[in-house]
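Quick notes on the structure that follows.
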Amino acid sequence: MSSSRAFLHPVVHRSNLQVFADTLVERINLEGARVVGVTIRHQGKKEILTASREVVLAAGTVNSPQLMMLSGLGPADMLRRHGIRVAADLPGVGANLQDHPTVSVAMSNPGAESYALSWRTAPRVAAAPLRYLFARSGMLASNAAEAGGFLYSREGLARPDLQMTFMVGLKDNPRTLPRRHGFVLHVAVLRPVTRGRLELASADPGTRPVMNPRFLEDRTDVDALIAGLKAARRILAMPAMARYSGSELSPGPGVKSDAELESFIRANVATTYHPVGSCKMGPRHDPMAVVDSRLRVHGIVGLRVADASIMPNIIGGNTSAPSMMIGERAAEFIAQDCKGITAGASRNFIAATAHA
Ligand SMILES: Cc1cc2nc3c(=O)[nH]c(=O)nc-3n(C[C@H](O)[C@H](O)[C@H](O)COP(=O)(O)OP(=O)(O)OC[C@H]3O[C@@H](n4cnc5c(N)ncnc54)[C@H](O)[C@@H]3O)c2cc1C
């Protein structure tokens, strides 16, 4: 279920909700320390939306801090470098960036049981739509990530620090179907010690910000991945899996020692697409905290952030459901704070999201 179908579709016809699709929020507008609305670019034209009460920023870990910085809310020295007038010096905006760094073991699959477009699987591929339609089974019923698990990279840990995800196919990129048969066991560090940073590349809202995840800067993260790759190899060599396996495609049989595994990890580490933390929640006395425990931006009136960027520490698992939970909590906070306020002002809240 997509978040749009779950949360937006059921209420989209409400008279006090207006959705602007294909719209870029360019700036949060402030009068002193109070947020009064946003400037958007809609159908090629600039428009100003005013907020009588507050603006809820939900543009995600990359764009929420970008929008704040474009609006003068962020590290003062960086804003000045881009010629942006500083409305509030918030050094934590864009800092504390975290993700789950990942590497994987890939095996060939001579029996062609895995998902790929090949002449051997042509009958299976051709039957897939019908199987899905009538039996809700077969290739099209799978998201390819068929199994997973959590494990400890070393003894003495209170909770698992690695996540494995088993994919029944060799996915080279998100857009094309694989041609070669094989499968992959991904290993990701659940609680990396390394923190990255996100900065503006330009004061132009249409220019993407610069992300530096600084993956593997901390030794602990590298050691966890070395242990993870070894565990992945061990699992793939077990009889239940070995009967489907051919040769190891990656890291490859030549990569054996810890030093060789480390070189492989450093050359191949990737994102799990779980960026969080760039507007972290924390108490006011923490200079790097951006929002308080009710998601309100410190020192600013009328601005909340409600997305994955507020996580102080990355969750030990996938980030989508926790992000929705943050949205649910934000809704509760807003409803509680609104108690007693007359309903009906149609533009009380403007959520910075373009996906309807
Ligand atoms: C390829 C990929 C695969 C993933 N797979 C999984 C998975 O299997 N399981 C899992 O749990 N998580 C997964 N995730 C992570 C998950 O999608 C995110 O953690 C989650 O969506 C974060 O939610 P969010 O609300 O913080 O931000 P987002 O979902 O990114 O929402 C932010 C929204 O704001 C909009 N926006 C941004 N800037 C502006 C602007 N200036 N003006 C207007 N609109 C703007 C964006 O278009 C977007 O719609 C995946 C992510 C990616 C990219």
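Numbers below:
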| read-out | value |
| --- | --- |
| Some residue of region 144-164 being under 27 Å from Ile314 (Cα atoms), part of a loop (DSSP other than H, G, I, E, B), under 24 Å from the mean Cα position of the chain (by Cα) and within 16 Å of the ligand (Cβ to nearest atom) | yes |
| Test: residue in region 102-109 that is among the aliphatic types (A, V, I, L, M), surrounded by 14 or more Cβ atoms within 10 Å (Cβ to Cβ), at pLDDT below 95 and away from the ligand (no atom under 15 Å from the Cβ) | no |
| Count of region 225-268 residues which are assigned to a loop (DSSP other than H, G, I, E, B) and charged (D, E, K, R) | 2 |
| Some residue of region 56-74 being part of a strand (DSSP E or B), over 28 Å from Gln163 (Cα atoms) and more than 26 Å from the chain's Cα centre (by Cα) | no |
| Of the criteria (1) buried (at least 19 other Cβ atoms within 10 Å of the Cβ); (2) of a type in the set (A, V, I, L, M, F, W, C); (3) within 16 Å of the ligand (Cβ to nearest atom), which one Leu261 fails | (3) |
| Flag for Ile48 being within 15 Å of the ligand (Cβ to nearest atom), at pLDDT 95 or above and of a type in the set (Val, Ile, Thr) | yes |
| Test for Thr23: is it in contact with a His (Cβ under 7 Å, 6 or more places away or on another chain) and either at positive phi or surrounded by fewer than 21 Cβ atoms within 10 Å (Cβ to Cβ) (or both) | yes |
| Failed item in (1) free of Cβ contacts under 8 Å to residues at least 60 places away in the same chain; (2) buried (at least 18 other Cβ atoms within 10 Å of the Cβ); (3) part of a loop (DSSP other than H, G, I, E, B), with Val222 passing the rest | (3) |
| Residue in region 188-206 that is of a type in the set (D, E, K, R), without any contact (Cβ under 8 Å) to a residue 12 or more places away in the chain, closer than 30 Å to Ala76 by Cβ and surrounded by fewer than 17 Cβ atoms within 10 Å (Cβ to Cβ) present | yes |
| Residues of region 264-287 satisfying the condition of being within 23 Å of Val62 (Cβ to Cβ) and either crowded, with 17+ Cβ neighbours inside 10 Å or of a type in the set (Lys, Arg) (or both) | Val269, Thr272, His274, Pro275, Val276, Gly277, Ser278, Cys279, Lys280, Met281, Gly282 |
| Where Gly169 falls short, out of the listed (1) under 30 Å from Gly92 (Cβ atoms); (2) surrounded by 13 or more Cβ atoms within 10 Å (Cβ to Cβ); (3) within 16 Å of the ligand (Cβ to nearest atom) | (1) |
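To keep it simple, each residue is scored yes or no on (1) assigned by TED's automatic domain parsing to the domain that holds Asp337; (2) small (Gly, Ala, Ser); (3) in contact with a Cys (Cβ under 7 Å, 6 or more places away or on another chain); (4) more than 16 Å from the ligand (Cβ to nearest atom).
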{"position": "Leu8", "(1), (2), (3), (4)": "yes, no, no, no"}
{"position": "Val11", "(1), (2), (3), (4)": "yes, no, no, yes"}
{"position": "Ile28", "(1), (2), (3), (4)": "yes, no, no, no"}
{"position": "Gly37", "(1), (2), (3), (4)": "yes, yes, no, no"}
{"position": "His42", "(1), (2), (3), (4)": "yes, no, no, no"}
{"position": "Leu57", "(1), (2), (3), (4)": "yes, no, no, no"}
{"position": "Val62", "(1), (2), (3), (4)": "yes, no, no, no"}
{"position": "Gly83", "(1), (2), (3), (4)": "yes, yes, no, yes"}
{"position": "Ala87", "(1), (2), (3), (4)": "yes, yes, no, yes"}
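The rows are residues; the columns are (1) assigned by TED's automatic domain parsing to the domain that holds Arg34; (2) within 11 Å of the ligand (Cβ to nearest atom).
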site	(1), (2)
Ala240	no, no
Gly252	no, no
Ser257	no, no
Arg284	yes, no
Val290	yes, no
Arg294	yes, no
Ser309	yes, yes
Ala321	yes, yes
Glu328	yes, no
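The values are calculated or read from the model by the stated rules, or taken from the named source; none is laboratory data. Predicted model, so just to flag it, every value in this text is computed and none were measured. Note that each Cβ is placed from the backbone with ideal geometry, even for glycine, and that neighbours are counted across all protein chains shown.
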